[in-house]
Amino acid sequence: MNDTVPAPRKPDLILVGDRPRPLVDGFQRRITYLRLSVTDRCDLRCAYCMPERMTFLPKKDVLSLEELYELATGFIARGVTKIRITGGEPLVRRDIIDLFTALGRRLGQDLAELTLTTNGTQLAEHAEALARAGVRRVNVSLDTLDRATFTELTRRDALPQVLEGIAAAKAAGLKVKLNAVALKGVNEAELPDLIAWGHSQGHDVTLIEVMPLGDVEEERLDQYLPLDAVRAALAARWTLTDSSHKTGGPARYVDVAETGGRLGFITPHTGNFCEGCNRLRVTATGQLYPCLGGGEQVDLRAALRSDAPEANLAAALDEALRIKPEKHHFRMDQRGDAPALARHMSMTGG
Ligand code: SAM
Ligand code: SF4
């Protein structure tokens, strides 16, 4: 792909003097973080994320790697300093390393961090190339260390591949964080072992409450495990000390004395975190969702493919800031509700 730095942008829309006109929303939250989905496709079918027979978006609707780069640079021009590539499974997208390489060239200039969220199945193949591109940290989703549970949960027998991927990432010098969705009756009993294993390998671990995104084949409430209860159970077993560690994200961390590791909790239901939100999310088709838990949407692809992409992209970003809601409206308290949102996490980018 062509990764040359684009021409200077229209000063009034993008710059204040010679500085980027910052992305600040109606609640005075400054946006510095972009989560960019590069595909809605995936080689797993996690039961909480998508149905077995998932309908994926037509390829023609998905942004090219060049468009994704252009989009990312539009955000960087407005002061975004951290980009996380996500999906679907980003590493199943052909030539995706080219995008990492192109964006990686901006590290140390106007981009401070380039990261990835992955299910790990293809990580063994790509870990070194990611490190060469300038990626320093990866989040790997791992809900269980039990092969049978993994196969049932993801509907694919891929645990050995994922563990190989995690080991390859570590060997390539990438800092790995493990993310596990806490699921009632699925990995609930195993969580202490999963955390202890992650910490023994030198990886931080973050637990996530399941969110009602898109139809899956199971009742959401059957999957939902509130993390305040998990935390209380862990506190009965281990010494948990609130940590001052902050990533600018929604996780709240504790240090676990017995394992020597750090444990995060992402609690959309039992502890709202929207006040400090610093991010915007863009799908692989260029739809910007100002909030993971809201229906608001801005079409960046139309802006990108218009006659005046720079000006229209800047205007679209301003619109996104205008409509970014104060907080999400997920609810997990009523059985039989329609999902809060029709779109799946794999589409929005987790
Ligand atoms: N495929 C990659 C992966 O699994 O890491 C990246 C995309 S995935 C959508 C990102 C994260 O979203 C994963 O950690 C996954 O566990 C989480 N996730 C997916 N659906 C979810 C849901 N309904 N509630 C909470 N987390 C979810
Ligand atoms: Fe795929 Fe990630 Fe969704 Fe699992 S959570 S189905 S790995 S996109």
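The values are calculated or read from the model by the stated rules, or taken from the named source; none is laboratory data. Please read all numbers here as calculations on a predicted model, not as lab measurements. Note that we place each Cβ from the backbone using ideal geometry, even for glycine, and neighbour counts take in every protein chain shown. Keep in mind that these areas ignore ligands, DNA and RNA; they rest on the heavy atoms of the full protein, side chains included. Shrake-Rupley method; radii C 1.70, N 1.55, O 1.52, S 1.80 Å.
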Inset, instruction - Output the strands (runs of 3 or more DSSP E) that fall wholly within the stretch 238-298 and possess 2 or more residues being touching a residue at least 12 places away in the same chain (Cβ under 8 Å) and either on the phi > 0 side of the Ramachandran plot or over 18 Å from the mean Cα position of the chain (by Cα) (or both), or say none. - result: 240-242, 252-256, 261-266
Inset, instruction - Kindly indicate the residue of the stretch 232-285 that is in contact with a Ser or Thr (Cβ under 8 Å, 6 or more places away or on another chain) and polar (S, T, N, Q) and also surrounded by the fewest Cβ atoms within 10 Å (Cβ to Cβ) among those meeting that condition. - result: 278
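Name the single residue that is surrounded by the most Cβ atoms within 10 Å (Cβ to Cβ) among those in the stretch 108-127 being hydrophobic (A, V, I, L, M, F, W, C) and more than 15 Å from ligand 2 (Cβ to nearest atom). So that I can check it myself, show each step before the final result.
Filtering the stretch 108-127 down to residues hydrophobic (A, V, I, L, M, F, W, C) leaves 111-112, 114, 116, 123-124, 127.
Okay, now just the ones that are also more than 15 Å from ligand 2 (Cβ to nearest atom), so 111-112, 114, 124, 127.
Details: 111: 20, 112: 13, 114: 22, 124: 19, 127: 27.
Among those that are hydrophobic (A, V, I, L, M, F, W, C) and more than 15 Å from ligand 2 (Cβ to nearest atom), it is 127.
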Legend entry - Members of the stretch 32-76 found to be of a type in the set (A, V, I, L, M) and assigned to a helix (DSSP H, G or I), listed by number: 65, 68, 71, 72, 76
Legend entry - Which listed residue is within 13 Å of ligand 2 (Cβ to nearest atom), open to solvent by 50 Å² or more (accessible area, probe 1.4 Å) and over 20 Å from the mean Cα position of the chain (by Cα), from 105, 156: 156
